[in-house]
Amino acid sequence: MARRLGWAGWVGVAVLAFIALACLIGPELSPYGVAEQDLAVRNQGPSWQHPFGTATLGEDVMTQVLVAGRISLAIGFGTALVATLVGAGLGLLAGWRGGWVDGALSRFAELFLIVPAFVVLIVLALTFERVGVAEVILILAILSWPPLFRLSRASALSTRETGHVEAARAAGAGGGRILWRHLLPAATPEVASFAALAVGVAILAESALSFLSLGIDPDGDPSWGTLLIGAPDTIEDRPWLTVFPGLAVVLTVLAAALVGDAVRAALDPRSREARAPVGERPAA
């Protein structure tokens with residue numbers, strides 16, 4: 001698959017890897033602590049000493065952005081993992097079993113699709129006394145899995161009628177083996193693409209919630225969203241306080257989208273055939 005990702009996919013992988021590595025080791029290499037104050041340089045723009053500028057009490061903004069990135073990336077990857085496992089697992093089960101199992105799971109998924117997602121996010125955020133990383137992952141995962149459920153269910157409904165699945169049934173293969181060996185590989189393009197895109201969507205959603213003071217508790221570990229709190233009051237006279245965390249969110253979301261599209265194109269045979277030269281396409 002590595003050769004089929006294309007240049008756009010590899011750009012996305014490189015950007016994500018660079019951001020993750022910078023957030024992981026950057027704060028350890030920084031000469032400034034995340035909450036270290038220096039009133040002599042408060043509210044200064046980008047400079048050699050402080051490439052992202054300084055905050056209200058002289059905190060180094062670059063160190064804050066890198067430390068906050070750890071929380072935002074953890075939320076993004078954690079949400080993607082939980083939502084992918086739940087959505088793909090329930091979708092494949094519904095498509096394979098059919099009948100009342102399919103009907104019950106489909107109605108359950110539709111409950112989350114008919115209600116405005118952001119309204120539900122706000123309501124769920126308000127139910128917790130203190131919102132931390134685990135709470136945000138739970139909130140976002142609850143609303144993220146239904147689209148993958150529908151995709152994986154449709155894939156399972158189609159795949160279970162194919163000849164090799166019928167042959168596996170006739171040979172006495174159990175449901176678990178058929179799900180693992182046949183239905184899951186067929187749904188892999190949708191699952192992998194969803195997982196990559198879910199990382200960016202979760203980071204964007206968390207940033208929006210935190211910007212509205214409904215996400216990560218600003219008194220705890222910062223995220224990119226909490227750094228954007230108060231942006232309307234500072235964007236004109238201290239734009240660096242908004243630009244750099246906002247740029248980190250945008251780059252991460254765009255990189256995740258590039259990876260998601262590239263993975264789907266690389267794993268989906270129909271996409272590969274469409275991109276192949278005319279002479280290399282299989283005969284109809």
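The values are calculated or read from the model by the stated rules, or taken from the named source; none is laboratory data. Since the model is a prediction, treat every value here as computed from it, not as a measurement. Cβ placement follows ideal geometry from the backbone for every residue including glycine, while neighbour counts extend to all protein chains displayed. With ligands, DNA and RNA removed, areas are computed over all heavy atoms of the protein, side chains included. Shrake-Rupley method; radii C 1.70, N 1.55, O 1.52, S 1.80 Å.
Condition test on Gly58, is it open to solvent by less than 60 Å² (accessible area, probe 1.4 Å), closer than 30 Å to Leu183 by Cβ and either modelled with pLDDT of 90 or more or among the small types (Gly, Ala, Ser) (or both)? Working first, answer last.
Values: open to solvent by less than 60 Å² (accessible area, probe 1.4 Å): yes; closer than 30 Å to Leu183 by Cβ: no; either modelled with pLDDT of 90 or more or among the small types (Gly, Ala, Ser) (or both): yes.
Criteria not met by Gly58.
Hey, can you tell me all the residues within the range 36-73 that are in contact (Cβ under 8 Å) with a residue 40 or more places away in the chain and either over 24 Å from Leu204 (Cα atoms) or in a loop (DSSP other than H, G, I, E, B) (or both)?
Of the range 36-73, the ones in contact (Cβ under 8 Å) with a residue 40 or more places away in the chain are 43, 45-46, 52-53, 55, 61-62, 64-73.
If the condition is that a residue be in contact (Cβ under 8 Å) with a residue 40 or more places away in the chain and either over 24 Å from Leu204 (Cα atoms) or in a loop (DSSP other than H, G, I, E, B) (or both), then Asn43, Gly45, Pro46, Phe52, Gly53, Ala55 are the ones that fit.
Under 9 Å between Cβ atoms, which residue pairs at least 6 apart in sequence (or on different chains) link something in the range 121-136 that is within 13 Å of Ser210 (Cα to Cα) and free of Cβ contacts under 8 Å to residues at least 40 places away in the same chain with a partner that is surrounded by 15 or more Cβ atoms within 10 Å (Cβ to Cβ) and of a type outside the set (Gly, Ala, Ser)?
Matching pairs, first to second residue: Glu135/Leu124; Glu135/Phe128; Glu135/Ile216.
From the residues in the range 130-146 that are of a type outside the set (A, V, I, L, M) and open to solvent by less than 60 Å² (accessible area, probe 1.4 Å), which one is modelled with the lowest pLDDT?
Step one: filter the range 130-146 for residues of a type outside the set (A, V, I, L, M), giving 130, 132, 135, 144-146.
Next, from what is left, pick out any that are open to solvent by less than 60 Å² (accessible area, probe 1.4 Å): 132, 135, 144-146.
Values: Gly132: 81, Glu135: 85, Ser144: 88, Trp145: 91, Pro146: 91.
If we take residues in the range 130-146 being of a type outside the set (A, V, I, L, M) and open to solvent by less than 60 Å² (accessible area, probe 1.4 Å), then Gly132 is modelled with the lowest pLDDT.
Restricting to the range 109-123, and then to whatever is out of contact with any Leu (no Cβ under 8 Å at 6 or more places or on another chain) and in a helix (DSSP H, G or I), can you tell me which residue is surrounded by the fewest Cβ atoms within 10 Å (Cβ to Cβ)? Lay out the reasoning, then the answer.
Residues of the range 109-123 out of contact with any Leu (no Cβ under 8 Å at 6 or more places or on another chain): 110-111, 113-116, 118-119, 123.
Filter again for in a helix (DSSP H, G or I), leaving 110-111, 113-114, 118-119, 123.
Working: Glu110: 13, Leu111: 9, Leu113: 12, Ile114: 7, Phe118: 13, Val119: 9, Val123: 12.
Across the range 109-123, the extreme among qualifying residues is Ile114.
Considering only the range 224-241, how many residues are over 10 Å from Phe211 (Cβ atoms) and polar (S, T, N, Q)?
Qualifying residue count, the range 224-241: 1.
Given the options Leu92, Leu66, Leu105, Leu81, name the one that is of a type outside the set (Ser, Thr, Tyr), over 30 Å from Asp233 (Cα atoms) and surrounded by 23 or more Cβ atoms within 10 Å (Cβ to Cβ).
Numbers: Leu66 fails: over 30 Å from Asp233 (Cα atoms); Leu105 fails: surrounded by 23 or more Cβ atoms within 10 Å (Cβ to Cβ); Leu81 fails: surrounded by 23 or more Cβ atoms within 10 Å (Cβ to Cβ).
None of the other options fit; the residue is Leu92.
Looking at the range 20-35, can you tell me whether even one residue there is crowded, with 17+ Cβ neighbours inside 10 Å and not in a helix (DSSP H, G or I)?
Yes; the residues of the range 20-35 include at least one that is crowded, with 17+ Cβ neighbours inside 10 Å and not in a helix (DSSP H, G or I).
If you scan the range 220-261, which residues turn out to be open to solvent by less than 50 Å² (accessible area, probe 1.4 Å), outside any helix (DSSP H, G or I) and in contact (Cβ under 8 Å) with a residue 12 or more places away in the chain?
Of the residues in the range 220-261, the ones open to solvent by less than 50 Å² (accessible area, probe 1.4 Å) are 220, 222-228, 230-231, 234, 238-242, 244-246, 248-249, 252-253, 255-257, 259-260.
Narrowing further to those that are outside any helix (DSSP H, G or I): 220, 222-223, 228, 230, 238-239.
Correct list: Gly220, Pro222, Ser223, Leu228, Arg238.
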